[in-house]
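The numbers here are math on the coordinates, done by the rules we state, and not lab data. Just so we're clear, the structure is a prediction, and the values are computed from it rather than from any experiment.
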Amino acid sequence: MGNIYDGAFRTILNDCRKMIIPVINEIFKEDYTGDEMIKFHPNEHFIDKQDTENKERISDTNFIIYGKKKKKYYLECESSLPDGRMTIRLFEYDAQIALDEGEVTNETLTVTFPNTAVLYLRNYKKTPDKMRYVIKTPGGTVEYDVPIMKVQEYTLEDIFSKGLLLLIPFYIFSHEKNFAVYNSNEQRLAELKAEYQKILERLDKLEQERIIGAFDKRTIIELSGDVIREIAQKYENVQKGIGGMMSGALLETEARTILNRGKDEAKKETALRMLQDSELSIDKIAKYSGLDISEVELLAGLQRV
């Protein structure tokens, strides 16, 4: 898979951790609420390759979710044609993760394999609905499925209604087969731009409702632009049309963040002046300055130090 897609996946997975939960719920049919603690594995994982001098690094997309039970997960993102090598690579990764965290007690080795899944960015006729491990051991056969999430099967309505915002940077893959049409037909390109305008508007609404933060929205927009520039590099009009929209939205988001930061500082200065007068209650200062009561209480505490 291209480094751009891989980097975008790792970035949003690591930087916007709460967005993982709806994806895990969707893939593994879990019922996490979103309040669970997520901990990425802090160590590097490597696989010794017998036919090469270098060790192969396992991607940093394995993590633990602390819900009713502590569960380990490992996600991979793939855009290439399935050919069997992905399944082998996944098992190598799973085995190494399990072994790295294995425990030996009285010469008994206990290893825990992660719950593994693959996100396929492109759909091919050969793309299966699942992968499967069949492990034959002297003590018996163990077999289980590795689920596959086919990103192109999710509509925008699916993505927003299910909270699968982690998929937005890769939504453009569902339009890839029509790039030549969009590039030569202004009307069709306008339709695609209108679709992405709706994405931006819905992200704005989620930010206003405090469902996502400004950083989350900025990350989604920035990574969407990165993926669009990579996947549509042969189509100049698509690049300028959709990629330009993402760049413009990113600049607007940054400008709004700076403006809001300035407004917040002004509110704090107003509250501090009121606190210095010592004539108003915390409640009234919060009301007049536009800050939350907790913020005013914090400022009052700092002022006393």
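With runs of 4+ DSSP H residues as the only contributors, calculate the mean residue ellipticity of the chain at 222 nm using -39,500 (n - 2.57) per run, divided by the residue total and rounded to the nearest 500.
-15500 deg cm²/dmol
Under DSSP H, which helices of the chain have Cα atoms covering 30 Å or more of the helix axis and a Kyte-Doolittle average no less than -1.0? Walk me through the numbers before you get to the answer.
Details: long enough: 186-208 (32 Å, -1.15); 244-277 (50 Å, -0.61).
Counting only whole DSSP H runs, the qualifying helices are 244-277.
Quick one: of the DSSP bridges fully inside the chain, what percent are antiparallel, nearest 5? Mind showing how you got there, number by number?
On the way: 23 of 32 bridges.
Taking every DSSP beta bridge with both residues in the chain, the antiparallel ones total about 70 percent.
Could you point to the label whose value was computed as Cα extents along the principal axes in Å for the structure here, given (i) 61, 43, 36; (ii) 80, 66, 38; (iii) 77, 48, 30?
(ii)
Between the stretch 59-83 and the stretch 103-168, what is the C-alpha centre distance in whole Å?
Here the answer is 8 Å between Cα centres.
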